[in-house]
Every structure is written in C-alpha cells, then in structure tokens.
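Working notes, structure below.
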Amino acid sequence: MGDNIILIGMAGAGKSTIGVQLAKLRGMDFSDTDLLIQSAHEQTLQTILDEQGYQVLRQYEEDILSGLELKNTVIATGGSAVYSEKAMTHLSTLGLIVYLEVSFDEIVRRVKNVDTRGIACPPELTFEDIFNERKPLYERYADLAIDNNGQSLSIEMLNEKIEEQRVKKA
C-alpha cells in the first residue's frame, strides 16, 4: 500500500476542506481530483455534464483516477469515483481509503447548489437516490469510515484514527 490518504464520500462530506487541513497537519501534499479533471479538460464539471453528459464525466474521472501516481498526498476524490472499480482498485494501491460518512440530512444542509455542482449522475435520479446508490459503494471500498456529521470531528482526531488504521494494515 502506498503512503497516500484517499478521501471518498458524497458531495458536501468535507473531502476537500478536511483534505487540505489534514495535508497541512501531516506535512503532505494535497490533490483534488475534481480540479484535475477540470484542468485536463479546461471546463468545469458542470459544463462537462451539460455539454457531454454524466457518462463522459465519469469516464474522464476514471481516466484521471486510474492514472494517478502520487506520493505523500492527501487525495480528495469526486463523489462518483466509487462507480469505477478500475479507479478504486488503483486508488487502493496508492494508500488508505477513508470514507467521510455523513447522513443524507446533513448533506442536504451543507450542499445548496446540487443542480450546478457537477454531480455525475443520470438526470432522472434525485439527490437522495444518488446518496442511497453511492453509500454501499463507499462502504465497500473504504479501509476506514469516519463519521463527519455535525462539527464533532477534529483534524487531530481524524489523524489519530488514520494512524491506527495504517498500523493495523501494515
């Protein structure tokens, strides 16, 4: 297993926000794969969705994730990363996969821009449908699940839990 920490979870789970703080605390680099997709394709995720559809966005995401070769990095993935077994298998070789688990009600409280956030899903699905579809996938791929509801999770506590899990896996 690599030395990276890979964060997975729904939009609004805190992957990017917590990822930056965790990287700073641990003296690691930080990478947000949504930004890598946008940079590679010179478009926002929402523009890709609007112009090319969710399947194209998911393919772009799989390509970026499957090609990552990072070291000593906290990686915040897009919420739909778990739809690609190929990408998740590759990520598992790069480091510890941490699922930031948040209830649906908390996600709704945090995410106000569902329609413009660039969420890769079929248009007929509701946000709750997406949540229910993804939750078992997050649980399947996670080496460690962390409850990130409310304001109770500190970066220090998260760091301790990650270290405990790394020791178990070593």
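Worth pointing out:
- Residue selection: LEU137 fails the criterion of being crowded, with 16+ Cβ neighbours inside 10 Å, at pLDDT below 85 and not in a strand (DSSP E or B).
- Per-region count, region 1-20, residues part of a helix (DSSP H, G or I) and β-branched (Val, Ile, Thr): 3
- If the condition is being under 22 Å from PHE131 (Cα atoms) and open to solvent by 60 Å² or more (accessible area, probe 1.4 Å), then region 6-22 contributes only THR17.
- Condition check for THR17 on (1) of a type in the set (Ser, Thr, Tyr); (2) modelled with pLDDT under 95; (3) more than 20 Å from ILE155 (Cβ to Cβ): one failure, at (3).
- Within region 140-164, residues that are among the hydrophobic types (A, V, I, L, M, F, W, C) and in a helix (DSSP H, G or I) sit with their Cβ atoms under 7 Å from residues that are at pLDDT 90 or above and open to solvent by 40 Å² or more (accessible area, probe 1.4 Å), at 6+ positions apart or across chains, in these pairs: ILE155/GLN21; ILE155/LEU25.
- Yes/no for SER80 being touching a strand residue (DSSP E or B) at 6+ places or on another chain (Cβ under 6 Å) and at negative phi: no
The values are calculated or read from the model by the stated rules, or taken from the named source; none is laboratory data. Here the structure is a predicted model, which means the values were calculated and not measured. Heads up, the Cβs are rebuilt from the backbone with ideal geometry, glycines too, and the neighbour counts pull from every protein chain shown. What goes into the accessible areas is simple: the full protein's heavy atoms, side chains included, and nothing from ligands, DNA or RNA. Shrake-Rupley method; radii C 1.70, N 1.55, O 1.52, S 1.80 Å.
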